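**Q** Mind looking over this structure? Questions follow.
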């Protein structure tokens, strides 16, 4: 057997030091500096808070960059790329798929840096550090570590639980832990964070109790399906999901934004609906890692970007367009989320500047092609630097990434109430569902709520937020055949969208491209765990061994 240093050669980021941020009143105001943390650093509250600041951005960078939408949306079927990232689009992610390795690295980076932060604060915090700030910073790190494990277990299943990076240098017994162990650990850590985080965050954009309790509502809803017998979910966990969702709804002070489109129009950061977002910030054209690079890959053309704009072949899938009521059959929909998430030919976006021959104009999404074109990505695309108060450059944007927002908590409550029933007319569940549903411009939903209704609402609400794949994984835990059926019926191939006039059309006609022979992909159990990245497996043979239960008493 290789020693543990060889075992984890592929994830050496777990033993890197915490990256520090210069101290300012706004904890993300200035770019980070790579600095070794020593005993002279954690001497006051500002320094301790600076020590956890990059847990909100840089450690998540490799996931946010391209893996978030590759795994969450391409695998989930809400969007596709016609010519790139085909392994994810075709539901055939391999051990060598780039976004597989990038996200694995990112999540273990979050784990490693969170571990280091906890250890350094406990070891080095001086007398000038208040007890409240020490507790707060450790709770931040436990929250982030928990969330990273939620992503790890839902993508790769059994993974090693690591709380102390230094043990990797001497412990030759480290192995993967079971799915049940990882979920139990992630929940334990999030509960600890919820207990120690205050109701009001210490600084704008940082965590509070309600962010952790919203995550617990999400965790318990997912966990209710693990090990379920005959598709029947764990009622205790369903009740826990309902409990935490109700607390967040009633006590957090969060509120839905009045219109859906404003959730993604500059400046939307840290709005009343956001419970936790990755905190990207623009700090000039040279800094790398704390700015949001994702818009560079989503914007359909350099005409609306800043020397980037490489998303010309990215689009909603035909299956996704079919979810918007009336759009395929009538050529239009009342659902305002469509225009805010994907661009249709002839649609106008006055908040984004478009370069045209001889000058500029407010964006009118182009109409081109004869038998195929794209409904390009709008969500998270904020435009040129002039559209965002100068706060953008190539691959460097300042807009935040939602990790959980209040709309999801409303839908978690509704699904937890539905539970194992075929339908529900529970007045509170219907009320909360309709808060989300009607905000999109749709009339009140008056039929009983079913799983299919709530699932569809989640797809519509969170398309291009990296959510669809994890909704399918949650379903797969207790009803795999239904998950396979959904995926196997998703049309992920080319189509043609034709407006009835250009610009400012009132309807569109959608026609599948006739010469495409493969439009759907069959899913099975083998597709629901992503292979461990090849580079990791070659360096860490223990990752191929059978998982073991985690020892929670050590």
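The values are calculated or read from the model by the stated rules, or taken from the named source; none is laboratory data. These numbers were taken from a predicted model, which means no experiment stands behind them. Backbone-built Cβ (ideal geometry, glycine too); neighbour counts: all protein chains shown.
**Q** Please count how many residues of the range 241-261 are assigned to a helix (DSSP H, G or I) and exposed (fewer than 13 other Cβ atoms within 10 Å of the Cβ).
**A** Going through the range 241-261, the residues assigned to a helix (DSSP H, G or I) turn out to be 241-251, 261.
From what's left, exposed (fewer than 13 other Cβ atoms within 10 Å of the Cβ): 250-251.
Residues meeting the conditions: 2.
**Q** Of all residues in the range 182-218, which are in contact with a strand residue (DSSP E or B) (Cβ under 8 Å, 6 or more places away or on another chain) and assigned to a helix (DSSP H, G or I)?
**A** 182, 185, 210, 211, 214, 215, 218
**Q** Please work out if residue 283 is under 22 Å from residue 63 (Cβ atoms), over 18 Å from the mean Cα position of the chain (by Cα), surrounded by fewer than 20 Cβ atoms within 10 Å (Cβ to Cβ) and touching a residue at least 12 places away in the same chain (Cβ under 8 Å).
**A** Spelling it out, residue 283 is indeed under 22 Å from residue 63 (Cβ atoms), over 18 Å from the mean Cα position of the chain (by Cα), surrounded by fewer than 20 Cβ atoms within 10 Å (Cβ to Cβ) and touching a residue at least 12 places away in the same chain (Cβ under 8 Å).
**Q** Let me ask you something else. Take the residues of the range 128-139 that are part of a helix (DSSP H, G or I) and either farther than 30 Å from residue 179 by Cβ or touching a residue at least 60 places away in the same chain (Cβ under 8 Å) (or both): which is farthest from the chain's Cα centre (by Cα)?
**A** Checking each candidate, the answer is 131.
**Q** Any residue at all in the range 80-94 that is within 23 Å of residue 185 (Cβ to Cβ) and touching a residue at least 60 places away in the same chain (Cβ under 8 Å)?
**A** no
**Q** Let me ask something additional. Quick one: count up the residues across the range 302-321 that are touching a residue at least 60 places away in the same chain (Cβ under 8 Å) and either within 28 Å of residue 253 (Cβ to Cβ) or in a loop (DSSP other than H, G, I, E, B) (or both).
**A** Matching residues across the range 302-321 total 8.
Matching residues to (1) part of a helix (DSSP H, G or I); (2) under 19 Å from residue 538 (Cβ atoms); (3) touching a helix residue (DSSP H, G or I) at 6+ places or on another chain (Cβ under 6 Å):
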| position | (1), (2), (3) |
| --- | --- |
| 88 | yes, no, yes |
| 100 | yes, yes, no |
| 104 | yes, yes, no |
| 108 | yes, yes, yes |
| 111 | yes, no, yes |
| 114 | yes, no, yes |
| 118 | yes, no, yes |
| 122 | yes, no, no |
| 126 | no, no, no |
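**Q** Residue under question is residue 178, and the condition is that it be modelled with pLDDT under 95, more than 19 Å from the chain's Cα centre (by Cα) and over 30 Å from residue 85 (Cβ atoms); does it hold?
**A** Answer is no for this residue.
**Q** Taking the stated definitions as given, is residue 155 part of a helix (DSSP H, G or I) and either under 24 Å from residue 553 (Cβ atoms) or at pLDDT below 95 (or both)?
**A** Answer is no for this residue.
**Q** Now for a different question. Checking residue 156 against (1) within 20 Å of residue 475 (Cβ to Cβ); (2) in contact (Cβ under 8 Å) with a residue 40 or more places away in the chain; (3) touching a helix residue (DSSP H, G or I) at 6+ places or on another chain (Cβ under 6 Å), only one condition comes out false. Which one?
**A** (3) is the only condition that residue 156 fails.
**Q** Is there a residue in the range 228-237 that is part of a loop (DSSP other than H, G, I, E, B) and either within 28 Å of residue 57 (Cβ to Cβ) or free of Cβ contacts under 8 Å to residues at least 12 places away in the same chain (or both)? Please lay out each step first, then the result.
**A** Keep residues of the range 228-237 that are part of a loop (DSSP other than H, G, I, E, B), which gives 228, 230-231, 233-234.
Next, from what is left, pick out any that are either within 28 Å of residue 57 (Cβ to Cβ) or free of Cβ contacts under 8 Å to residues at least 12 places away in the same chain (or both): 230, 234.
Checked against the condition, which is being part of a loop (DSSP other than H, G, I, E, B) and either within 28 Å of residue 57 (Cβ to Cβ) or free of Cβ contacts under 8 Å to residues at least 12 places away in the same chain (or both), the range 228-237 yields at least one hit.
The rows are residues; the columns are (1) at pLDDT below 50; (2) in a loop (DSSP other than H, G, I, E, B); (3) surrounded by fewer than 24 Cβ atoms within 10 Å (Cβ to Cβ); (4) under 26 Å from the mean Cα position of the chain (by Cα).
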{"residue": "1", "(1), (2), (3), (4)": "yes, yes, yes, no"}
{"residue": "10", "(1), (2), (3), (4)": "yes, no, yes, yes"}
{"residue": "39", "(1), (2), (3), (4)": "no, yes, yes, no"}
{"residue": "69", "(1), (2), (3), (4)": "no, no, no, yes"}
{"residue": "73", "(1), (2), (3), (4)": "no, no, no, yes"}
{"residue": "76", "(1), (2), (3), (4)": "no, yes, no, yes"}
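**Q** Please find, within the range 520-532, the residue that is surrounded by the most Cβ atoms within 10 Å (Cβ to Cβ) out of those that are in contact (Cβ under 8 Å) with a residue 60 or more places away in the chain and more than 18 Å from residue 102 (Cα to Cα).
**A** 523
**Q** A follow-up question, please. Hey, among 191, 142, 105, which residue is within 23 Å of the chain's Cα centre (by Cα) and closer than 17 Å to residue 62 by Cβ?
**A** Values: 191 fails: closer than 17 Å to residue 62 by Cβ; 142 fails: closer than 17 Å to residue 62 by Cβ.
105 is the lone residue from the list that is within 23 Å of the chain's Cα centre (by Cα) and closer than 17 Å to residue 62 by Cβ.
**Q** Which members of the range 231-251 meet the condition of being farther than 21 Å from residue 199 by Cβ and in contact with a helix residue (DSSP H, G or I) (Cβ under 9 Å, 6 or more places away or on another chain)? Please lay out each step first, then the result.
**A** To start, the set of residues in the range 231-251 that are farther than 21 Å from residue 199 by Cβ comprises 231-239.
Within the range 231-251, 231, 232, 233, 234, 236, 237, 238, 239 qualify.
**Q** Could you give me the residue pairs with C-beta distances under 9 Å whose first residue belongs to the range 204-226 and is in contact (Cβ under 8 Å) with a residue 12 or more places away in the chain and at positive phi, whose second residue is in a helix (DSSP H, G or I) and buried (at least 24 other Cβ atoms within 10 Å of the Cβ) wherever it lies, and which are 6+ apart or on separate chains?
**A** So the pair list comes out as 205/56.
**Q** Can I ask one more? Would you confirm whether or not the range 219-227 contains a residue that is touching a strand residue (DSSP E or B) at 6+ places or on another chain (Cβ under 8 Å) and either under 20 Å from residue 408 (Cα atoms) or surrounded by 22 or more Cβ atoms within 10 Å (Cβ to Cβ) (or both)?
**A** Scanning the range 219-227, I find no residue that is touching a strand residue (DSSP E or B) at 6+ places or on another chain (Cβ under 8 Å) and either under 20 Å from residue 408 (Cα atoms) or surrounded by 22 or more Cβ atoms within 10 Å (Cβ to Cβ) (or both), so the answer is no.
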